[in-house]
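Written out below as structure tokens is the structure these notes cover.
The values are calculated or read from the model by the stated rules, or taken from the named source; none is laboratory data. Just so we're clear, the structure is a prediction, and the values are computed from it rather than from any experiment. Backbone-built Cβ (ideal geometry, glycine too); neighbour counts: all protein chains shown. Remember, those area values only see protein heavy atoms, side chains included, never the ligands or the DNA or RNA. Shrake-Rupley method; radii C 1.70, N 1.55, O 1.52, S 1.80 Å.
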Amino acid sequence: SSAMSLGAPTGSDACLSIVHSLMCHRQGGENESFAKRAIESLVKKLKEKKDELDSLIAAVTTNGAHPSKCVTIQRTLDGRLQVAGRKGFPHVIYARLWRWPDLHKNELKHVKFCQFAFDLKYDSVCVNPYHYERVVAPAIGGMQGGFGGLLALTGLCGSRLHIGKGVQLECRGEGDVWMRCLSDHAVFVQSYYLDREAGRAPGDAVHKIYPGAYIKVFDLRQCHRQMQQQAATAQAAAAAQAAAVAGNIPGPGSVGGIAPAVGLSAAAGIGVDDLRRLCILRLSFVKGWGPDYPRQSIKHTPCWIEVHLHRALQLLDEVLHAMPAAAEPGPLL
């Protein structure tokens, strides 16, 4: 095919030479043996679909220089693919391999011409890495380092003049975040770190950051401790609830009986989304929101941003994996 790079194999070649060629284009985020298994598995599935295999080879070996067709595999029951004992969403696995090694699963959006994109929920799933775009801004102001921003900017026309240079986010150490307000107007931040510093309940306040201020807005260690505590609380509450429902007599120091079990339901209801909130900074420009302002939701402000902190999300993953399966509460699954 004319779209292929010089010397690239075609779908008619032996699996081994195709795998070798595709391995040469990987981004290096995964270890070699995992990458090889993932690519071998895909090539074998496509061996009977030569045109799709040619599309994959063309897309990968030319770095998406030309439009290419969908490259599809069968959707599994839970949507995930198992490679070398690890499960993941197929379009994310191959996008990480050949395009963005640090990709988070929520950052992919399919291009308009993709007919079998993962989100379309068809029986076949397109895994062509060039049929997806990454919806993450690598820099907002001067934001660099181990986090990416997921932008949700609305109603910009009037606000843009007021925002000016906006904010600069700086990653320090392993993942602490400091913010400098470069705008001529205040910026409003939801930050669990600032809640603690101000003596407010977590998530209770929105903090006003004045022009010219340089302030710490996120502490990785504190976040890690909070997620460990919340996960442990949810786990213990779910176990106590189960024991109360079963009528087991509680041990020393534990809470049992029907009434306390009702009180425990809130703690047992802590889910992954609650823990993910600890790993997110939300900020609005010019106008505040929340209990201290007329606007109750950040979505009612003229312009707002969510910053997803990658290092914190990695730690959350570790915390969830470390939880004993037997005691794991339902909402955390």
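Cβ under 11 Å from K87's Cβ, K87 left aside: what net charge do those residues give with Lys, Arg +1 and Asp, Glu -1?
Neighbour charge sum, excluding K87 itself: +1.
For I18, I280, what's the largest-to-smallest order of accessible area, 1.4 Å probe?
Highest to lowest solvent-accessible surface, that is I280, I18.
Can you return the aspartates and glutamates within cross-link range of K112? Criterion is Cα-Cα under 13 Å, with same-chain partners fewer than 8 residues away left out.
By straight Cα distance, K112 reaches E133.
List the lysines whose Cα lies under 17 Å from the Cα of K44, skipping any in the same chain that are fewer than 8 positions away.
Hits, sequence-local ones excluded: K36.
Between Y210 and K112, what is the label-point separation in nm under the 7 Å Cα-to-beta-carbon projection?
The two pseudo-label positions are separated by 4.8 nm.
If eta is 1.567 mPa s and T is 4 °C, what Stokes-Einstein diffusion coefficient results for the range 15-134, Kirkwood Rh from Cα pairs, in µm²/s?
92 µm²/s
Ranked from highest to lowest mean number of other Cβ atoms within 10 Å per residue, what is the order of the peptides 283-290, 167-174?
283-290, 167-174
Using 0.36 nm times the number of residues separating Q296 and K49, minus their current alpha carbon distance, what extension gain do you get?
Taking Q296 through K49 to full extension adds about 83.6 nm, to one decimal.
How much accessible area per residue does the range 15-134 have, counting only protein heavy atoms and a probe of 1.4 Å, in square angstrom?
Heavy-atom SASA per residue in the range 15-134 reads 51 Å².
Carbon and sulfur: what percent of the range 15-134's accessible surface (1.4 Å probe)?
Its accessible area is 49 percent carbon and sulfur atoms.
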